[in-house]
Structures are given as C-alpha cells and as structure tokens.
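J.: My questions will all concern the structure given below.
The values are calculated or read from the model by the stated rules, or taken from the named source; none is laboratory data. The structure presented is a predicted model; accordingly, all values stated were derived computationally and were not measured. Here Cβ is always computed from backbone atoms with ideal geometry, including for glycine, and neighbour counts include all displayed protein chains.
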Amino acid sequence: MARLGSWIKAEPEGIYVEPADAWIDPSQPKARAWVTHGHSDHARGGHGAVLATPETLAIMETRYGPQSGQPIAYDETIRVGEVDVRFVPAGHVLGSAQIVMEHRGERIVVSGDYKRRPDPTCACFVPVPCDVFITEATFGLPVFRHPDTGSEIDRLLHRLHSDPSRCVLVGAYALGKAQRIITELRARGHHDPIYFHGAIERLNQLYESFGVELGELRHTATATKQEMAGHVVIAPPGALNDRWSRRLPDPVTAMASGWMRIRQRARQRNVELPLIISDHADWDELTTTIRELAPTEVWITHGREEALKHWCMTHQIKACELNLVGYEDEDD
Ligand SMILES: [Zn+2]
Ligand SMILES: [Zn+2]
C-alpha cells in the first residue's frame, strides 16, 4: 500500500493534484487551477483554466478581468483526469470552498481558509470526514480564542452611541470582512446608513448581486463631515491612517481582525477600538474540526503549524507541515 495521499504533492507554489494535473490556489500562473476562494493570495490572475464556485469566479473577474472559468456549484461532483472533485462550503467568505477529492478509494480534503462560526454573508462550513485533511492554521495557537461576534459588535455600537459628534471608522479587509461587519451590525438592529470607502464599493455591489442584503450604504466621497458624525464608516485597513481619514469627523479608529487579540498589533495601527472578529478558525475551531473529521493524517499549511502539529500528535493523529509560499495573513 502506497503512502497515504501520495498522489498529492505539496510544492512551494501550491498543492499539485497529479492524477488531475491541477493546482490548488497556485501562487504562479498554471494551465489548470482550482481556486478555493477570492482572496488575492489564493486567487491569482493569469491561469489557463480556473475551476471555482460562481461567486469566486465573479470576484476574480472583478479583480482580474475575464477568466476562462468553469463554475462548479457546491456539492456538484465532477471528474477531472482520474479524480472526483467536489467543492463544499468553507464558511470563510462569499463563495469560499473546501475542495474534496477522491482517488483510488482515498479522500483528501483541502480546507482553504475556513471558520466554523456563523457568518450572515456566506454558507456555513460543511464537515466532510476524510483520510487526509489539509488545514490552514492562521490562528493555530491556544492563545487565539475569538470572542462571540455579537458582543464585539455591541462594543462597537456602544462606542458609537457614547459620542454622537464622532464617527467610528472600522478597518476591515475589503473582501468579506467589510460586508460581514455591515450584516452583523444589521443583525444587531443597527439600520442607520453606513458610510464606506470607495475601495470596497465594487465588492459591496458584488455581494448584493448574490443576494446578501447590506441595507443603506453611502459613499464617503459624497458626504460632509457633519453628515457622518454618529455613524459607522467602513474602510480597508490601509486607509485607517491615511490622509483620506481627515475628511471624517474625529474618527474613533477601530479594526476588525483576529490579530486584534495581540495588543502590539493594535498599537502598530493606532487602533483605539480593537475588535476581535476573524474569518479564520481560532484554536478551538481548528481542534474541534480535526476531532470531528477524524482524519488519519493532518497536513498543516499557512500559519503557526507547530502547536497544531503537536496537538495532533498528542491525539494520536499523524501530522506534518506543508511549506507553501505566498500566503499572506491579511484576510484575517
Ligand atoms: Zn482567505
Ligand atoms: Zn489564506
């Protein structure tokens, strides 16, 4: 019997699926790419053919122009070469998927980026038991335990209502996090207009075109300082300390990210109101998922692999690290 998963090769530029001659989330242009989700470190331009969910393809087209894409719906199985491949929800951002592959009686699941807690903007993670689980580990340390999202949103609203002469400026990654913060605010009963930085406009529209309701949104460029007082403003993290923010009424600077658990990171960005809201699994979500899937082997990628590897070993699960390059932790 050959080594488990011997038909999958972890190369520096991505995961190569030999019997399908396909690459998963390659960092270099490839003839055939299977893309888990639209974040730019996973979905790059320039591939020959792209297999992805319709949402991910739409995101890629917004960013890179027309793709020679083949859409695959969640749970549809197709055969490529000698591999049966299926995309199932990963709960990370709109259209995000885990890739489930079967070949010679072995099932391998590539998680892509994922989280387990509910997110109103995308389908929930679906656990698929497998022989080999290839997991991300962005927050693969026991110190990373994300609090309840609703209570973080309540802290934001409390701060907003405590001084109506100021605005709360929330730094949030443009794809996924920004739209999630908006829908979480709506879910907490906040129906006032929300102002946005121009850089997230197209993605807001894309989310709405797939049925995600964002409520009343207004572009900051067409608003006066006075109008924005007492309101939430959403911008990509890069805009927080930029000249652009001078147009805002005395902003309380907030940032929504799993990294806000680390005080140092909040200070580096001059964040007054750190919100621990992440689109990645925290330590408990990672370990719960591995327990639930009960794989024979776990292969760990982008993140803090060491601690999770150790956890697997102490739970009698074989584990190893894959050293892939080109993944950033911006989409947190
Ligand atoms: Zn991502
Ligand atoms: Zn990632």
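J.: With (1) of a type in the set (A, V, I, L, M); (2) at pLDDT 95 or above; (3) more than 16 Å from ligand 1 (Cβ to nearest atom) as the list, and LEU286 as the residue in question, which single condition is left unmet?
T.: (3)
J.: Hey, can you tell me all the residues within region 167-180 that are within 16 Å of ligand 1 (Cβ to nearest atom) and either within 17 Å of PRO274 (Cβ to Cβ) or part of a helix (DSSP H, G or I) (or both)?
T.: Across region 167-180, the qualifying residues are ALA172, TYR173, LYS177, ALA178, GLN179, ARG180.
J.: If you don't mind, another one. Looking only at region 24-49, count every residue that is of a type outside the set (Lys, Arg), outside any strand (DSSP E or B) and within 16 Å of ligand 1 (Cβ to nearest atom) and tell me the total.
T.: Residues that pass the stated criteria total 12.
J.: Could you figure out which of (1) at pLDDT below 95; (2) under 30 Å from GLY150 (Cα atoms); (3) not in a loop (DSSP other than H, G, I, E, B) isn't true of VAL88?
T.: It is condition (1) that VAL88 fails.
J.: With respect to GLU102, is the statement that it is part of a strand (DSSP E or B) and within 16 Å of ligand 1 (Cβ to nearest atom) true?
T.: no
J.: Might you check whether a residue that is within 17 Å of ALA239 (Cβ to Cβ), part of a helix (DSSP H, G or I), without any contact (Cβ under 8 Å) to a residue 24 or more places away in the chain and in contact with a Lys or Arg (Cβ under 9 Å, 6 or more places away or on another chain) occurs anywhere in region 189-199?
T.: no
Every residue, every condition in (1) crowded, with 24+ Cβ neighbours inside 10 Å; (2) touching a residue at least 24 places away in the same chain (Cβ under 8 Å); (3) part of a loop (DSSP other than H, G, I, E, B); (4) more than 16 Å from ligand 1 (Cβ to nearest atom), yes or no:
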| position | (1), (2), (3), (4) |
| --- | --- |
| ASP84 | no, no, no, yes |
| GLY95 | yes, yes, yes, no |
| GLN98 | yes, yes, no, no |
| TYR114 | yes, yes, yes, no |
| PRO120 | no, yes, yes, yes |
| ALA123 | no, yes, yes, no |
| PRO129 | no, yes, yes, yes |
| PHE139 | yes, yes, yes, no |
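J.: Mind checking which pairs have a first residue in region 39-53 that is farther than 12 Å from GLN28 by Cα and a second that is part of a loop (DSSP other than H, G, I, E, B) and among the polar types (S, T, N, Q), Cβ under 7 Å, 6 or more apart or different chains?
T.: ALA49/SER68; VAL50/GLN67; VAL50/SER68
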